[in-house]
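To start, the structure under review is shown below, and the notes come after it.
Just so it is clear, none of the values below were taken in a lab; they were calculated from the coordinates. Small disclaimer: the values here were computed from a predicted structure and weren't measured. Cβ placement follows ideal geometry from the backbone for every residue including glycine, while neighbour counts extend to all protein chains displayed.
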Amino acid sequence: MDLNLQVDRLKKEGWCVVEGVIPDGEVSAVREQVAKATSKHGRSPAAERGIGHVPGFIAYDPSIAPYLANRKVMDLLEAVLGAFVRVSFTTATINYPGNQRGTWHADWPFNQRNAAHVPAPYPDVMMHVTTLWMLSPFSNENGGTLIVPGSHRKPNNPTGDIGVDPMASHPEEINATGSAGSVLVLDSRIWHATAPNQSDEARVSVVVRYAPWWLNTQVLRPGSEERKQMVDEPGLRENDQPLVPRKVYEGLPEGVKPLFRHWVQKEG
C-alpha cells in the first residue's frame, strides 16, 4: 500500500498497517530483547490480566529505537500530523497466552476517564496517533488488537457515557493483523480493545504514540505543574511517562533524537 492509500485509509477507517518496517533478519532479536525487558520491568496490575506492560519503555530498553524514525512511518505521520512530530508515549505491551479481553476505549487524550482529556463531543480532528510495532505476527488467534473501523469519526467513545457496554463484542469489530516487523497505525480516537491470546506463544509489541508539536503533553510528565494541578491535587488518574535518562537519549540514533528531545532528563 503506497503512502496516499495509507493516508486515505487512516483518515477514512482510522487504521492501516505499514509493512516491513523492521527487517525480517532483525525482528526476532528485537522481540527477544523487548520480552526480556518487559519481564524484568513489567507493572502490576496489568500482569494480573495476563499483560506485560512497561510505560516509558524507551528508558529501560532502547532496542526499538533504531526504527522509530523509519521514513515509511514518518512520511505517514507527517502527512496527517504535520512537521515536527514528537513521541509522546513508549510502552511495551505483551499479550501472554490466556490473557483477558480488554474494554473498548480510545487512547489519550480521548479517554474520558483520564484527568486530562479532550471533552466529548470532541472535534473531528486527528491530533494523536497510536502505533503498535508488531514484534510478533498479529493474528486472530494470538490477540491482534480489536478495532472498530470508522469509529474514530464518532464524537465520543465507550469511556464516556454513551450506553455502550465496554466489554461486549461489537458487530463491526475486527482483529488488526499483520506480519512481524510491521507497524499498526491507529488514529488515537478509534475504538479498540485488547484481544485474548488463544495461542501458546506471547504476542509481543511496543506501543509508540506520536503527537504534533502543538499538543500539550506536559500532564504526562511526572512533577510538572500541569500534572500537579490536574492530577495530583484533585487525586485523579492519568497516564505517566517518565523522562528519558540523558545517557539513554545520547545513545539514540541521530535521526531519532528529535522525537525525544522534549522529554529528556537534565542530568543522569
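Output ³J(HN,Hα) for the range 124-138: one whole-Hz value per residue in order, computed from phi by the Karplus curve 6.51 cos²θ - 1.76 cosθ + 1.60 with θ = phi - 60°, and x for Gly and Pro.
For the range 124-138, the Karplus-derived couplings read 7, 9, 7, 10, 7, 10, 9, 10, 10, 8, 7, 8, 10, x, 9 Hz, x marking Gly and Pro.
How high is the FRET efficiency between Trp214 and Arg237 when r is their beta carbon distance and R₀ equals 35 Å, given to the nearest 0.05?
That gives a FRET efficiency of 0.90.
For each of Asp8, Asp107, Asp165, Asp2, count neighbouring Cβ atoms within 10 Å of the residue's Cβ, then give the residues from fewest to most.
Listed from fewest to most nearby Cβ atoms, that is Asp2, Asp165, Asp8, Asp107.
Name the residues whose placed amide hydrogens come within less than 5 Å of the amide hydrogen of Ala92, ignoring near sequence neighbours (fewer than 5 apart) on the same chain.
Val54, Phe57, Val207
In whole Hz, with x marking every Gly and Pro, tabulate ³J(HN,Hα) for the range 63-70 from phi via Karplus 6.51 cos²θ - 1.76 cosθ + 1.60, θ = phi - 60°.
5, 7, 4, x, 9, 5, 9, 3
Restricting things to alpha carbons, find the Rg to Rh ratio for the range 81-130 using the Kirkwood radius for Rh.
Rg/Rh: 1.03.
³J(HN,Hα) across the range 105-114 via Karplus (A = 6.51, B = -1.76, C = 1.60, θ = phi - 60°), whole Hz, x for Gly/Pro?
7, 10, 7, 3, x, 9, 6, 6, 8, 7
At q = 0.10, 0.12, 0.16 Å⁻¹, what base-10 log of I(q)/I(0) does the Debye formula yield for the chain when every alpha carbon is treated as an equal point scatterer in vacuo?
With one equal scatterer per Cα and no solvent, log10 I(q)/I(0) is -0.47, -0.70, -1.37.
Positive end of the charge dipole of the chain (Lys, Arg +1 and Asp, Glu -1 on Cβ, about the Cα centre): tell me which of Gly14, His117, Thr130 has its Cα farthest that way.
His117
Which helices pass in the chain if a helix is a full DSSP H run, must span at least 18 angstrom along its long axis by Cα, and must have mean Kyte-Doolittle hydropathy not below -1.0?
24-41
Among the lysines, which have Cα under 22 Å from the Cα of Lys247 when same-chain residues fewer than 8 positions away are ignored?
Excluding near neighbours in sequence, the set is Lys36, Lys40, Lys257, Lys266.
At 222 nm, what value in deg cm²/dmol follows for the chain if DSSP H runs of at least 4 each add -39500 (n - 2.57) and the sum is divided by all its residues, to the nearest 500?
Details: 5 runs with 49 residues, N = 268.
Roughly -5500 deg cm²/dmol at 222 nm, from the helical runs in the chain.
Kindly work out what percent of the DSSP beta bridges joining two residues of the chain are antiparallel, to the nearest 5.
95 percent
Tell me the relative contact order for the range 3-260 as a rounded percent, counting alpha carbon contacts under 8 Å between residues six or more apart.
In percent, rounded to a whole number, it is 29.
Looking at the calculated P(r) for the range 15-159, what percent of the C-alpha pair distances fall above 28 Å?
22 percent
Where nothing but the Cβ of Lys and Arg (+1) and of Asp and Glu (-1) is charged, how large is the charge dipole of the chain around its Cα centre, in debye to the nearest 20?
Roughly 520 debye, rounded to the nearest 20.
What residue among Pro121, Pro62, Pro137 has the largest mean-square fluctuation in a Gaussian network model of the chain, using Cα springs under 10 Å?
Largest GNM mean-square fluctuation: Pro121.
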